[in-house]
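The values are calculated or read from the model by the stated rules, or taken from the named source; none is laboratory data. Just so we're clear, the structure is a prediction, and the values are computed from it rather than from any experiment. Here the Cβ is made from the backbone with ideal geometry for all residues, glycine too, and neighbour counts use every protein chain on show. Accessible surface areas use protein heavy atoms only, side chains included; no ligands, DNA or RNA. Shrake-Rupley method; radii C 1.70, N 1.55, O 1.52, S 1.80 Å.
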Amino acid sequence: MVGIVIVSHSVKIAEGVKELALQMARKDQLIIAAGGTDTGDIGSDPMKIQAAIEAADKGDGVAVFADLGSAVMSVGLAKEMIDPQLAQRVCLANAPIVEGAIAGAVEAAMGSPLEKVLETAYGARNMEKQ
Amino acid sequence: MTTAKEALRVVGQAVIDKKSYLTDLDQAIGDGDHGINMARGFESVFKKIAVLDDNIDLTTLLKTVGMGLISSVGGAAGPLYGTAFLRASGVCAGKTEIDAVTAKAMLDAAIKGIQDRGKAKKGEKTMLDALIPASEAMDIAIKAGKTEVECLADAVQAAQKGVEYTKTIIATKGRASYLAERSIGHQDPGATSSTVMLEALYNYLE
């Protein structure tokens, strides 16, 4: 099963997105929230993200969802710091963090491969709201 | 005697001393935490380098700085400066003295790292608007046969001009991009902190 990592500047956003996504996906879907800095303040922490990615991978890869700015950069840096073999099956989803993570988690919970999870998450960009 | 560790301490202290100034600049066009984040970063770095030998080699030192900033800054400056220091550390491996050519190669590796991480280029109101002109000025100075310190002086001057230039342009990267035209008139905090570091290094070596 593809693991999911949620990276936000805010601990609360990361936890909240995880909560929402888990409500939709199977309860045993692996979703790890990596929000805020190591002291829980607003920001992002590449080390925390690295640990989350390593914990989320069960061999089928990890789809990472991030909000903006340093969160995106910190994911890039975390990918450089992890084992290169693992890094090959870790991908930052090109998707909005809330809609993308929910769609991606549902897809992952169905046992779909990483490519499919990322594709579904990408599709969440087009969710019409008007 | 000048040592890498002492130079780094001076550079870090300069950033810490400018904490309020950098934060004020960031409050105008960003999320207002650049000075706080950078000061926290270098305070954490100081703790990490305190246990290193006084004559520690530059590569190990810069690696420690890079990892220290990455793990403690919290904002975008962490991955950006962290990557910059890590990349620069790779260039000076095995060297005990840094000449102008090596210094420029280190600066260029740092610039490349920042570009890889932030996907920015010159003219987008970022730290690159100080660092790229600094590198260009250094190149001209090296070709003119100037000394290491003279090359660095030219780099500092170019970086300072770069900071002034950031006042005239619109931010298209980072949090400041949300402000669009309203970012004009404000100098970029990242370009400023980059210049603060170069100035401090120059003042130490001069």
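Annotations for the structure displayed:
- Filtering the stretch B:43-63 for residues that are within 15 Å of the chain's Cα centre (by Cα), within 14 Å of chain A (Cβ to nearest Cβ) and open to solvent by 10 Å² or more (accessible area, probe 1.4 Å) leaves a non-empty set.
- Which listed residue, of B:185, B:162, is out of contact with any helix residue (DSSP H, G or I) (no Cβ under 7 Å at 6 or more places or on another chain), open to solvent by less than 60 Å² (accessible area, probe 1.4 Å) and without any contact (Cβ under 8 Å) to a residue 40 or more places away in the chain: B:185
- Residues in the stretch A:23-46 that are modelled with pLDDT of 95 or more and open to solvent by 30 Å² or more (accessible area, probe 1.4 Å): 2 in all.
- Any hit, the stretch B:127-141, residues being in a loop (DSSP other than H, G, I, E, B) and under 11 Å from the mean Cα position of the chain (by Cα): yes
- Some residue of the stretch B:86-95 being under 16 Å from the mean Cα position of the chain (by Cα), within 13 Å of chain A (Cβ to nearest Cβ), open to solvent by 10 Å² or more (accessible area, probe 1.4 Å) and under 30 Å from residue B:184 (Cβ atoms): no
- Of all residues in the stretch A:30-74, exactly one satisfies the criterion of being away from chain B (no Cβ under 14 Å) and basic (Lys, Arg), namely A:58.
- The residues listed here are B:199, B:150; of these, the one that is within 19 Å of residue B:7 (Cα to Cα), charged (D, E, K, R) and open to solvent by less than 70 Å² (accessible area, probe 1.4 Å) is B:199.
- Checklist (1) open to solvent by 60 Å² or more (accessible area, probe 1.4 Å); (2) within 23 Å of residue B:173 (Cβ to Cβ); (3) within 10 Å of another protein chain (Cβ to nearest Cβ) applied to residue A:125, failing item: (3)
- Looking across the stretch A:80-98, the residues that are open to solvent by 40 Å² or more (accessible area, probe 1.4 Å) and either touching a Phe, Trp or Tyr at 6+ places or on another chain (Cβ under 7 Å) or away from chain B (no Cβ under 11 Å) (or both) come down to A:83, A:84, A:85, A:88, A:89, A:91, A:92, A:94, A:96, A:98.
- Residues located in the stretch A:9-29, provided they are in a loop (DSSP other than H, G, I, E, B) and away from chain B (no Cβ under 14 Å): A:25, A:26, A:27, A:28, A:29
- Considering the stretch B:64-74, the residues that are open to solvent by 10 Å² or more (accessible area, probe 1.4 Å) and under 24 Å from residue B:175 (Cβ atoms) include one that is nearest to the other protein chains (Cβ to nearest Cβ), namely B:71.
- Any hit, the stretch B:105-121, residues being on the phi < 0 side of the Ramachandran plot, part of a loop (DSSP other than H, G, I, E, B) and buried (at least 24 other Cβ atoms within 10 Å of the Cβ): no
- Candidates A:83, A:67 - the one that is among the acidic types (Asp, Glu) and touching a residue at least 60 places away in the same chain (Cβ under 8 Å): A:67
- Checking each residue in the stretch A:80-130 for being hydrophobic (A, V, I, L, M, F, W, C), farther than 30 Å from residue B:84 by Cβ and in contact with a strand residue (DSSP E or B) (Cβ under 8 Å, 6 or more places away or on another chain) picks out A:101, A:105, A:108, A:114, A:117, A:121.
Each row is one residue, and each column tells you yes or no for (1) of a type in the set (Phe, Trp, Tyr); (2) over 17 Å from residue B:77 (Cα atoms); (3) assigned to a helix (DSSP H, G or I).
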site	(1), (2), (3)
A:51	no, yes, yes
A:65	yes, yes, no
A:76	no, no, yes
A:79	no, yes, yes
A:86	no, yes, yes
A:103	no, yes, yes
A:128	no, yes, no
